[in-house]
Amino acid sequence: MSLDVTWALAWVRRTAQVVAENRDLLVELDRQIGDGDHGENLNRGFAAVIGKLDGAEPPELVGDVLKTVATTLMSTVGGAAGPLYGTAYLRAAKVTGVASLDAAGVVALLEAGLEGIVARGKAQPGEKTMVDAWTPAVTAAQDAAANGASAEQVLVAAAEAAEAGAVATDPLVATKGRASYLGERSAGHRDPGAASSALVIRAAAEAAGTASATA
Amino acid sequence: MTVARVALVLVSHSRAAAEGVAEIAAQMAPDVAIVAAGGMPEGIGTSFERVLDAIEEGAAAAQEGSGADGGGVAVLTDLGSAVLTTESVLEAVDEDVAARVRLVDGPFLEGAVAAAVRAQQGGDLDEVVTAGEAAGDWSTSRTSGPRDGAASAGAPDAAGAAAAGEAVRRTVVLRNPLGLHARPAALLARAVADLGVPLTVDGVDGASVLALMALGAAGGHELVVEASGPGAAEAVDAVVRLVDEGFGEV
């Protein structure tokens, strides 16, 4: 099963849906170790993305969808998540200027997304940020693809790793972002950016599952 | 009115904070374009669009003030994501605009004030950025310098400056009741910068408006003005005269 524009659009819609469903959870996580607006920001951002996509011609390439996500998030999400997710999707768009993605294409998408986040935010793994969800996700995707997994299977592996990565942020002390102002007190709480990243990547896998189920 | 060749853009999570800091800085830098870019339509946060518009506005103003070389834009930011948003904007604007924009790694309010004053003094982009960044450590770098003006014998700062030539030293009493508050400090700093001779006032850099303000020198306080090297005597005399005239407040 290859992942085309239909999949990309389904991914974005699924993301908007889970972000809306988890808005209060993300707000609460961010309230504990941040400024309490992560869920609100992402919800607003993805709702705006849906609005943009609904009003436009269906794009031809996967990257076109991702670029719309990038620019919309960049201009509607006001915290660090705007520039970080925006740059992730923008870099991913640059390497997915194709009609559909195979396993290698999915790996490239995720790698570019992580590169964008690191280039923009300059966080390393272990600093209690979204990088701690994306890094294991990329590693898992690379391993799966190297072992001959399908595009959908690569996404599933990435999603599982991202979820585990988000949970693994719980004991960490934040050394980046607003949470770093809390120092030791940031330990014992999940990083909201890692949590939302896991939701985003899982949504990609679910959209692929739906796509192959209807193929 | 001439427009300075470096403009400032203030990026904050809060519209009120950006506008407030812009107002404070503008008081001491009337000819500098200072563009506030704070908050989002929804409230607290940084807005890509707002920052984009502000940088383009600042670039245009700096261009007007500088002519051929295009001038520059110094950007002050408050917290982390303001930096991220600004960097994202710089990736999105024309390369020739981005090339003339620099982020100042210094405190938001004090850095804006120091940068604005330096821009008012005619500083170029490097000088303005340096002034904004030095605002972060000026309070700890001022390690000596008499607070009361009288017991200043052998002040080490002056000795360092004197290595270049004869040290000239005079004292002058602040005649204006409020002493060396913001407005006179800015006037004094500008005058010292224009003189082009390294000069200290109570042991601190006379061209630094923040260092002068930090002296907290009240009316009646006796300032020690010191300089060395070529033009020192004339510079010290000029500063003494300026202080003695009372900054228009007497």
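Please treat every number below as a calculation from the coordinates, not as lab data. Since the model is a prediction, treat every value here as computed from it, not as a measurement. Here the Cβ is made from the backbone with ideal geometry for all residues, glycine too, and neighbour counts use every protein chain on show.
What is the sum of charges, Lys and Arg at +1 and Asp and Glu at -1, for the other residues whose Cβ falls under 12 Å from the Cβ of A:Ala137? After counting each charged neighbour, the total is -4.
In terms of its alpha-carbon gyration tensor, the stretch B:60-123 comes out oblate; a/c meets the 1.5 threshold, while b/c is at least as large as a/b. Phi angles of the stretch A:104-121 translate, via the Karplus equation with coefficients 6.51, -1.76, 1.60 and θ = phi - 60°, into HN-Hα couplings of 5, x, 5, 4, 4, 4, 5, 4, 5, x, 4, 4, x, 5, 5, 5, 6, x Hz per residue; Gly and Pro are given as x.
Hey, got a sec? Which GluC sites (Glu not before Pro) in the stretch B:205-250 land in a DSSP loop and have at most 16 other Cβ atoms within 10 Å? Write out the running numbers ahead of the final one.
Working: sites: B:Glu222, B:Glu226, B:Glu234, B:Glu245, B:Glu249; in loops: B:Glu245, B:Glu249.
Qualifying residues, ordered by number: B:Glu245, B:Glu249.
For the stretch A:3-214, taking Cα atoms only, Rg and Dmax work out to 15.8, 49 Å respectively.
For B:Ser12, the residues 5 or more places off, or on other chains, whose built amide H falls under 5 Å of its own are B:Ala37, B:Gly38, B:Gly39. Go from 0 up to the bin containing the longest alpha carbon distance in the stretch B:162-229, width 5 Å each, and give me the % of pairs per bin. Cα pair-distance distribution for the stretch B:162-229, in percent: 4, 20, 28, 28, 13, 6, 2, 0. Counts of other chain beta carbons within 10 angstrom of each beta carbon in peptide B:40-52 average 5. Axis angle, to the nearest 10 degrees, between helix B:15-27 and the longest C-alpha principal axis of chain B: 40 degrees. Counting only alpha carbon atoms, the long axis of helix A:62-76 and the longest principal axis of chain A meet at about 30°. The DSSP beta bridges internal to the protein assembly as shown are antiparallel in roughly 50% of cases. Against the main long axis of the alpha-carbon atoms of chain B, helix B:125-134 sits at an angle near 70°. When only Cα pairs below 8 angstrom with a gap of at least 6 residues are kept, the stretch A:3-214 shows a relative contact order of 24 percent. Computing FRET efficiency as 1/(1 + (r/R0)^6) for B:Arg170 and B:Glu249, where r is the C-beta to C-beta distance and R0 is 25 Å, gives about 0.75. Only lysines eight or more places from A:Lys122 in sequence, or on another chain, were considered; those with a Cα closer than 26 Å are A:Lys67, A:Lys94, A:Lys176. Could you compute the net charge surrounding B:Gly71? Neighbours are other residues with a C-beta less than 9 Å from the C-beta of B:Gly71; K and R count +1, D and E count -1. Net of charged neighbours comes to -1. When both the stretch B:214-250 and the stretch A:51-119 are represented by their alpha-carbon centers, they are found 60 Å apart. Once both labels are positioned 7 Å from their Cα atoms along Cα-to-Cβ, the gap between A:Lys52 and B:Glu222 label points is 6.8 nm. For the protein assembly as shown, the fraction of C-alpha pairs farther apart than 36 angstrom is 42 percent.
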